[in-house]
Structures are given as C-alpha cells and as structure tokens.
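J.: One structure, as structure tokens, below. Some questions next.
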C-alpha cells in the first residue's frame, strides 16, 4: 500500500513539475482509423480499436529542450520530427485530470536540433477503448463496429496537446484535419467540411475547424446516411423518417434564431448526428442526439427540448473570458434558459409559464433539502457570479446553473414584456464580448429600476417571496 501511495505521489510530482510546457498556436492533423495493416510495438494487432495519426504543430514560443506534450494514455508516440530531422523523445505515463482515464502519455523532447524553430511533427498510434474510469458515456472511444467517438482535451486526447502549466483550455487554429476511414463510414468534426473522397476501399474527409478552443475539437464517425437542406445536414443510421423530422425542426430553429434573436445571421453549416446512449452533445456547429431521442423525436417534447438546448449552444453565444464571473452563466445558463424561450416561439403546445412553475417548485425543494431529484447531495449553492469555469461539471444541470438562471431570465422576460425582451436579446447576442458590467448595463437600459433585484439574482442565493411565481 505504501509503495502504491509513493508511486501516485511521484506521478503527481512529475505532472505538476512540467518543464517548459508551451501553448500550441496551429495544428494540422492527419488521422487514420482502423488501418488494415495496424501494427503497434512491432506486433500485428486487431484494428478494431486502433488508430494512427500525425500532427504538424506550431508553438507560440518555439521548441526547446524539454518541451512537453500529452496524449491519451493508450496511445504511443512513434516518432518526432523537426526541420526534417528525428528528435529524441522520452514518454512516460502520468496522472492527468483532463483525460477520461485519469492518465496520459507525457512526452518530453531531447537534443532538439537548432534553436528557434516553432514547428514540430509528431507521429503516434495506438488503441482507444471505452472508458470505465470517468464516464458512462460511449462518446469516448473507437470501435470498428460502432464507430469513432472522440472528444479532445478534457475527455480523450486524440491529438497531441500542448498547454502552459496549470492551463485547462485555450484556442488554437486548426488549419486542417484529414480523417481516413474504411469505405462506408462518414466523419463529422466541428467546422467547415472542405472535401469528401470515396475510393473502392476508403472514405477520406477534410475539415477546417479554424480558430477554436481545443476542448471543442471532436471527431465522430459512423456508417451514416445523410439528409441535407438549406445549410443543415442530418447524419443518421437508418431512421430516415425521423431524420427528416429533425431536419424540418432544425430549419425552424435556425429561422427563429435569425429572425427573432440575432442581430446578424450565423451562416455556418449545421451538422446534426445520431449518437449512442448518453451522447447528447454540442460542439461549435455540431449537435449530437442519442438514438433514443432521435427515434422518438416527433413524439417527445423532451427530444425537442434537447435538440433546442444543443442548438442554442452554438447559435446563441457571446464571447466571454474563462476567468469572468459571467463564464458559467453564458456557457451553460444561457442555453438552459433559451431552449425554453425558443421552444415557446416555435411550438404551439409548449407553455413557458407552466414550465417555470414546475422549475420553481423543484428549485425550492432543492434549496430546502440540498438533494437532487435522485436523492443525491447537491453542491453547496453559490451565487451565479461565484461559480468558476472549473466548477461547471459540478454545477451543470444542477439547481444553480439551470433552475436559478431559468427563473432569473424568465423574470427579465416578464419585467420587460415580449417586445422589449426580444430587442434586449437581439442586442445581447450581437455583442462582440461580454462581462458583468456590459451585461448589467444592458439590462438596466431596459429596466432602470431593476438594480437591486438584479444584484439579488446574480450576487446572492436569496429567493425572496416577491420573486415567487406561485403566489
């Protein structure tokens, strides 16, 4: 037991003692899944969970001795090149909070040829099995029969990650990601689809994500069929009727957001895809709906609410700094509320007043007991402004980030009235950036006497009687 504790402590020291960790500025990634000639460590292996890739990466401050990067714990760094020359590298397993297994391969460079170069090429390969460590989701592995389900930093590091010490996320320009798969598969990555090529044996697609947070660089591939219309593509496995229903609904969502909520149009192509259980996702211009919601879409208001929630993530957002008190409100609070607002605008049988009464009842019960609907302990309630970026996982979908923000935004809607609230929202989503001052001043432009009420909503956990919907 003492030996195990010692090893864990040493691994933590190795991770925390990163030398010369750096930030990547540009990526070009070429990855192949399920290669027929898959090999690892010189031994023939099954290609079922196997991948190999290469990444050309530019670093902000150049490459020097002991430059380090991280990969998923089951992958292996095969070789590193700089200026066309092989660079010696040393890889070891390290505890790593931002990979679903809790482990990563940490690689350091030695004997770097020539000072000042900022570009490096890394070749890597290996397996990526389903996670049993940190998630029940199927959205974190590769399997030739089921597909490719990869999230990037924070879930499954499927390309080399360079970060400054202690940094959790940052934006980099992904110039191109090329995905090579057996014929019959189709891949989806957030960004612009540049080309698709199909040979007798392979399917190859090229994607250009552009400048994005490394957290958002996801890759999904399955044996999809595709329906497409008016800048929206639905990737489905067999239920063409429901794919058509989802396509029609997505077009209504997009039109409503353009007409009623945005001061300008977001013209990115939208990709909606069918996902395995626990697979509802939103990343940039990609939305994933798990199969159960996909197949019951036309019969389920819950499915419509889910796709609306995931839709408003990419289509109704405002740039905000990760260290801003507004960060969690914008990232998760806004989508939680605006799914209600948008659904009310495009469906006849959705009543936001009834929904908010239900939310209030649940919120008060959670405040009273400290437990969620399943009887599990909730995190201590904090004012909305005090929930930090690294606490989103604990508060997401719990009573602060959903219930309280729903009630707060609904209160703004009631106080302003439909017409003024629509103008307010259009101004909100035309902002180039947001912070607490900008947000509060915008609200007070519409509701000059709202200051004390606003402070109570955002800076305290109080819920006074005069705020209550059920009088």
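J.: Could you list 201, 460, 220, 308 in order of exposure, starting from the residue whose Cβ has the fewest other Cβ atoms within 10 Å? Intermediate results must be reported in sequence, preceding the final value.
T.: On the way: 201 9, 460 14, 220 28, 308 25.
Going from sparsest to densest Cβ surroundings: 201, 460, 308, 220.
J.: Using 0.36 nm times the number of residues separating residue 418 and residue 376, minus their current alpha carbon distance, what extension gain do you get? Each step should come with its number before you reach the end.
T.: Details: separation 42, 0.36 × 42 = 15.12 nm, distance 3.74 nm.
Using 0.36 nm per residue and subtracting the Cα-Cα distance, I get 11.4 nm.
J.: Using Cα pairs under 8 angstrom and six or more residues apart, how large is the relative contact order of segment 228-315, in percent?
T.: On the way: 122 pairs, mean separation 24.3, N = 88.
Result for segment 228-315 is 28 percent.
J.: Quick one: check the C-alpha center-to-center distance for segment 85-99 versus segment 351-413, whole angstrom.
T.: 40 Å
J.: On to the next question. What ranking do 410, 123, 41 get, fewest neighbouring Cβ atoms within 10 angstrom at the top?
T.: 41, 123, 410
J.: Moving on. So what is the relative contact order for segment 157-225, in percent, with contacts set as C-alpha pairs under 8 Å and at least six apart?
T.: Details: 122 pairs, mean separation 26.2, N = 69.
Computed value for segment 157-225: 38 percent relative contact order.
J.: Ok, one more. By DSSP, what percent of the beta bridges with both residues in segment 228-315 are antiparallel, rounded to the nearest 5? Mind dumping the intermediate values first?
T.: Working: 5 of 14 bridges.
In segment 228-315, DSSP labels about 35 percent of beta bridges as antiparallel.
J.: Sort the following peptides by mean Cβ neighbour count (other Cβ atoms within 10 Å, averaged over residues), highest first: 231-243, 421-433, 368-380. Don't jump to the answer; show the numbers that get you there.
T.: Details: 231-243: 18.8, 421-433: 15.5, 368-380: 10.5.
With the highest mean Cβ count within 10 Å placed first, the list reads 231-243, 421-433, 368-380.
J.: Another question, then. How many percent of DSSP beta bridges within the chain run antiparallel, rounded to 5?
T.: Working: 76 of 92 bridges.
Counting DSSP beta bridges with both partners in the chain, the antiparallel share is about 85 percent.
J.: I'd like the FRET efficiency for residue 449 and residue 248, computed as 1/(1 + (r/R0)^6) with the beta carbon distance as r and R0 of 56 Å, rounded to 0.05. Walk me through the numbers before you get to the answer.
T.: Details: r = 43 Å, r/R0 = 0.77.
According to the calculation, E is roughly 0.85.
J.: Cut-off is 10 Å between beta-carbons; in what order do 111, 295 appear when sorted fewest neighbours first? It would help to have the intermediate numbers written out before the result.
T.: On the way: 111 10, 295 19.
Fewest-to-most ranking of 111, 295: 111, 295.
J.: Here is a further query. Run the helix sum for the chain: -39,500 (n - 2.57) per DSSP H stretch of 4+ residues, divided by residue count, reported at 222 nm to the nearest 500 deg cm²/dmol. Write out the running numbers ahead of the final one.
T.: On the way: 11 runs with 130 residues, N = 471.
My calculation for the chain gives -8500 deg cm²/dmol from helical runs alone.
J.: Also: Given a cut-off of under 8 Å on Cα pairs at least six residues apart, what relative contact order in percent is computed for segment 278-421? Walk me through the numbers before you get to the answer.
T.: Numbers: 147 pairs, mean separation 32.1, N = 144.
Relative contact order of segment 278-421: 22 percent.
J.: Continuing with this model, one more query. Compute the Cα gyration tensor for the chain, then decide on rounded, prolate or oblate, letting a ≥ b ≥ c be the square roots of its eigenvalues: rounded whenever a/c is under 1.5, prolate when a/b is larger than b/c in the other cases, and oblate in all that remain. Let's see the in-between values first.
T.: Details: a/c = 1.91, a/b = 1.49, b/c = 1.28.
Because a/c hits 1.5 or more and a/b exceeds b/c, the chain counts as prolate.
None of the figures in this text is laboratory data; all of them are computed from the coordinates on show. A quick note: this is a predicted structure, and the numbers were derived from the prediction, not measured. Quick reminder, even Gly has a Cβ in these numbers, built from the backbone with ideal geometry, and neighbours come from all protein chains shown.
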